[in-house]
Every structure is written in structure tokens, then in C-alpha cells.
Amino acid sequence: VRICEALVHYAMVNQSSGTLFAWLPWKFPDCQAHFWAQYGLVIAGFLLALVTFLGQCSKPAPYGRHQKDDTSRGWGPLIPQRLAHTASDSTALLSYTLVFFLVGDVSAQGYANYVFLVLWLLHYLHRALIHPWVMRYSSRCVPLGITLGTVLPNLLYPATNGDWTGSAEYDDNYYYDPRFIMGIVMYVVGYCINKHADLKLRSLRGRGGSAYSIPRGGLFDYISCPNYFGELLEWLGWTIATWSLAGLVWLLFTMATFVPRARHNHQWYQQMFEDYPSQRKALVPFVF
């Protein structure tokens, strides 16, 4: 009811100005150099997402359950997994934040811009500083090459989104827009699904243990990778809420990573456990 009231109020406020649910609810700084820099990053992001998808489809990256002596050879020396995850996700945290404040247009920043900043920090503060130190990994080490391989995407996509959300001037009443409302709700739901799935996976492995078992309960009864599903839902909500190509290209890269890996993980479970539930899908309940 409150959402409906908000939408009606938004319509009344914007009826006279003709900006009801404008297709483009933002204005970008009137600077050609800035414009082309932003969309140059977007184009680079699309290309990297395509390359990543093709690479991930052919062979899963050698970490986690797919890390074996023969597959990780050539990826460099092993380093502590917890430090690797912290370093990797801290790059995304710092890249976004620095660009948001140092490159973004302070005069254009309003409540919507800071909501997006909080959402990004909410995800990456947890990913960088909490998640690596509470999870129980199957292997204590990961090849250095895997960590170095995250540097480019963790600089490119956060910088692209930090620039956009720090520079775009959203309509004053954008908080009544269904895109903003629906996007935020999807983000929060996805965040909760992701964290619940991570905790469920953590609980399967005793302190110091490295053995795998079949996860059960919650969305694990329907898909093999609800942690990936939850994060994809987060970034889909982000894309809708920001209504930007920067958000879209980040979503596509996330899909390019998670869709093939979810398929590989699902196949791994099926091969490892004879009693693995046959009705489970890999990533999307009842679909894939």
C-alpha cells in the first residue's frame, strides 16, 4: 500500500513537468571527455565480459573444488587464500570509492548517488574484510595467478560504476520511481540470499575440515549455487536501480563468471555424489 501511495504521489508531483517515469531519469555531466571516458570503460567492460564468458565455458578457473595439481600448474606459486580474497575484493572496494569521490561530480550528487555508494560498500566491505576470514575453505592456498587475474575486472568495473553513480544527476523524485524501488528491493533480497548460502556452506565444513558434502535446505533444495544466484540478483537490482550501462556491463561480467562456473559446480556435484538430488538445477530454480 505504501509503495502504491508513493507511486501516486510521484505521478502528482511530476504531472505538470511531464517527467513522469522519464526513460532517462538522470543527466550526465556536459563534458565530452568525461562522456567518452565513461562509455569507453563500458565498451571495454563488454569486451572483457565476452572474453571471460568464452574462457570460463571452456574450463573452470582452478580454485576451490576445481583446484587440482595438474590444473593449477602454470598459474604461479600458491598464496594464502584468505589474504588473496581480501586483496582482490579490497581492490574493487577502493577503486569504486576513490573514483566516486575524486572523479564524480560533487555538485550532481544527491540522495540516490549516496544510496548507491552505501549499497556498494555494504557488499564489498563484507566481501573484503569479513567473508574471507569466516569462511572455511577446502584449500588454504590459491595460485597467485588467480588473484592477479582479478585485478583488471576489479579495477575496471568498480571504476566504471563509481564514475557513473558519482557523476550522474538523478531526478529529485527518483526515490518514487519503480525502477529505484524495485532495484533496491532486489538488491537487498539478493544480498540476504547470498549471505545465507555462504553461512550454509560454512556450516557444512567443520573447523579445520576440507571435505565436501551435499548442501541442503533453503534454495539449496532447488539449485546447486544459491550464493551465485543471490549475488546475480543483487547486481540485477543494481542495474535496474541505477538504470545505467555501467550497471548493465557489470551484471554481464558477473553472469559471464557465474553462469559457466555454476554449470561446472553442478556437474562436479553430480559426479562426486551418486545420491545428488536429480531435480536440482545449477543456478536458477526450475530453469537452469
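Worth a mention:
- Some residue of the range 85-94 being open to solvent by 40 Å² or more (accessible area, probe 1.4 Å), of a type in the set (A, V, I, L, M, F, W, C) and either modelled with pLDDT of 90 or more or out of contact with any helix residue (DSSP H, G or I) (no Cβ under 6 Å at 6 or more places or on another chain) (or both): yes
- The listed residues are V259, V249, V284, and the only one of them that is closer than 30 Å to G162 by Cα, in a loop (DSSP other than H, G, I, E, B) and among the β-branched types (V, I, T) turns out to be V284.
- Residue match in the range 217-238 (condition: over 15 Å from Y187 (Cβ atoms), free of Cβ contacts under 8 Å to residues at least 40 places away in the same chain and not in a helix (DSSP H, G or I)): yes
- Residue within the range 160-173 that is crowded, with 16+ Cβ neighbours inside 10 Å and free of Cβ contacts under 8 Å to residues at least 60 places away in the same chain present: no
- Taken over the range 177-190, the criterion of being of a type outside the set (A, V, I, L, M) and either in contact with a strand residue (DSSP E or B) (Cβ under 7 Å, 6 or more places away or on another chain) or open to solvent by less than 40 Å² (accessible area, probe 1.4 Å) (or both) is satisfied by D177, R179, F180, G183, Y187, G190.
- Residue within the range 110-118 that is without any contact (Cβ under 8 Å) to a residue 60 or more places away in the chain and in contact with a helix residue (DSSP H, G or I) (Cβ under 8 Å, 6 or more places away or on another chain) present: yes
The values are calculated or read from the model by the stated rules, or taken from the named source; none is laboratory data. Just so we're clear, the structure is a prediction, and the values are computed from it rather than from any experiment. Backbone-built Cβ (ideal geometry, glycine too); neighbour counts: all protein chains shown. The area values use the complete protein model at the heavy-atom level, side chains included, leaving out ligands, DNA and RNA. Shrake-Rupley method; radii C 1.70, N 1.55, O 1.52, S 1.80 Å.
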